[in-house]
Amino acid sequence: MKAILACVLSSETKQEFRESLEELKELLRAVGGKSLGYVYQKRQAPDPRYYIGAGKAQELKEVVQGTGADCVVFDAFLSPSQVSNLEDLLGVSVLDRADLVLEIFSRRVRSKTAKLQVELAKLTHQLPRLYGKGKELSRLGGGVGTRGPGEQELEIKRRAIKKRIQQIKEELEEIKRQRRQQRKKREREYGDIKVVKVALVGYTNVGKSSLMQVLTGRETFVEDMLFATLDTKTSAKFLFPDIKILVTDTVGFIRKLPPELIESFKATLEEVQEADILLHVIDISDPKWLEKVKVVQEILKELNADEKPTIYVFNKADKLVEKEEDIKLLTEPAFLKGRSVVVSSKYRWGIRELLNAIREKVEELMEAKI
């Protein structure tokens, strides 16, 4: 896939624009695509027909033809009519940010639950784009008030998609019910042992999976790429003799997360809503870490989980200092309210302090329940 990237610069700063564009390049790379360049336009509001203005759309067509690109990727969520109009004008496939994210998810999920959630998100995203396509496919016969074969074919497809969406929703509700039963069963099995649920959250590629591996000893897939792991994993660890910690790793977040994913991943993100404590993992070596913290906080707010007890875990300290004792020289955590710990999951630096921080939070929870 050889693509031209397209964006509109409106209210965001140039720095925010560049960061979003760089992330779009990484998303494209994650699906095996290559960026040949980008076209952008400054405007207050997107054009309803082409998202970019008609003149800029014509310029984009010339760039596509000149570079031999076979695709244009927009750093936005396009409406079905905008996609249709752009493809008619440009003569190549047009994707938006949601298309890339959904494609990455569909390639990497492994569990049955995650596969269902991704399928639901893709179908929810695809359904509106089918409307209006029937007339394009049907130029044959038909009088006033009649529908041609193209429209009939799409109507059948729309019905099939709606039926499948309903089936998936019912299956996910059943999975939610089973998980609630499993949680209750675990609580019964533990008896007098107190169980505390801890969820790892954070921007994608901050090292949540490697930290999960250090905390629980559970082998997880670790790779330096966006959305390296997508399936929710839960492992148990005895932090104290009478307290068991259930640690859950969740899918990483990104800015401009497709709304279809937020909705369809409610079953997975339910683990965040059920958690007693959140470990908000941050890449301390990333100069843009504060902006990404804000993105995660906004998504947690959408999940009604933004008020939960949180420990900020600044990971990847080994990229900034050479020795564990130099961690104390890193002052970035001072910008955030609440408890924060600096660690390196790669070299296990700061893990003892993190466990102590978790213990303190657990004790606070226990005291609050007395």
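Given labels modelled 7 Å from the Cα in the Cβ direction, how far is it in nm from SER111 to GLU274?
If labels sit at SER111 and GLU274, their model points lie 1.0 nm apart.
Residues with amide H under 5 Å of ASP96's amide H, sequence separation 5 or more or different chain, H placed in the peptide plane at 1.01 Å from N; which?
Long-range HN contacts for ASP96: PHE74.
Whole-Hz ³J(HN,Hα) for each residue in the stretch 279-293, computed from phi via Karplus 6.51 cos²θ - 1.76 cosθ + 1.60 with θ = phi - 60°, x for glycine and proline: what do you get?
Once θ is set to phi - 60°, the couplings for the stretch 279-293 become 9, 8, 7, 10, 7, 5, 7, 8, x, 9, 4, 5, 4, 6, 4 Hz.
For GLN178 and SER10, calculate 0.36 nm times their separation in residues minus their Cα-Cα distance, and state this gained length in nm to one decimal.
Value of the extension gain: 55.9 nm.
Does anything in the stretch 42-59 have its amide N under 13 Å from the 7 Å Cα→Cβ label point of SER81, and if so which residues?
Residues 47-51 qualify, since their backbone N sits under 13 Å from the label point.
Give the long-range amide H neighbours of LEU5: residues separated by 5 or more places, or on another chain, with amide H under 5 Å away, using H modelled in the peptide plane at 1.01 Å from N.
LEU36, GLY37, TYR38, VAL39, VAL73
For the stretch 21-32, just list the computed ³J(HN,Hα) in residue order, Karplus coefficients 6.51, -1.76 and 1.60, θ = phi - 60°, integers in Hz, with x standing in for Gly and Pro.
These are the phi-based 3J(HN,Hα) values: 5, 5, 5, 4, 4, 5, 5, 5, 4, 5, 9, x Hz.
Roughly how many nanometres apart are two label points built 7 Å out from the Cα toward the Cβ at GLU291 and ASP326?
2.7
Nearest 5 percent is fine: what portion of the DSSP beta bridges confined to the stretch 2-104 is antiparallel? Present the calculation step by step, with values, prior to reporting the outcome.
Working: 1 of 17 bridges.
Of the beta bridges lying entirely in the stretch 2-104, close to 5 percent run antiparallel.
Once both labels are modelled 7 Å past Cα along the beta-carbon direction, what's the LYS42-GLU307 spacing in nm?
Computed distance between label sites LYS42 and GLU307 equals 4.3 nm.
Just to check I understand the Karplus step: with θ = phi - 60° and J = 6.51 cos²θ - 1.76 cosθ + 1.60, what whole-Hz values come out for the stretch 342-359, glycine and proline as x?
9, 9, 10, 5, 5, 10, 6, 6, x, 5, 4, 5, 5, 4, 5, 5, 5, 4
Where a number appears in this text, it was derived from the coordinates with a stated rule and is not lab data. Being a predicted model, the structure only gives us computed values, none of them experimental. No Cβ is skipped: glycine too gets one built from the backbone with ideal geometry, and neighbour counts run over all protein chains shown.
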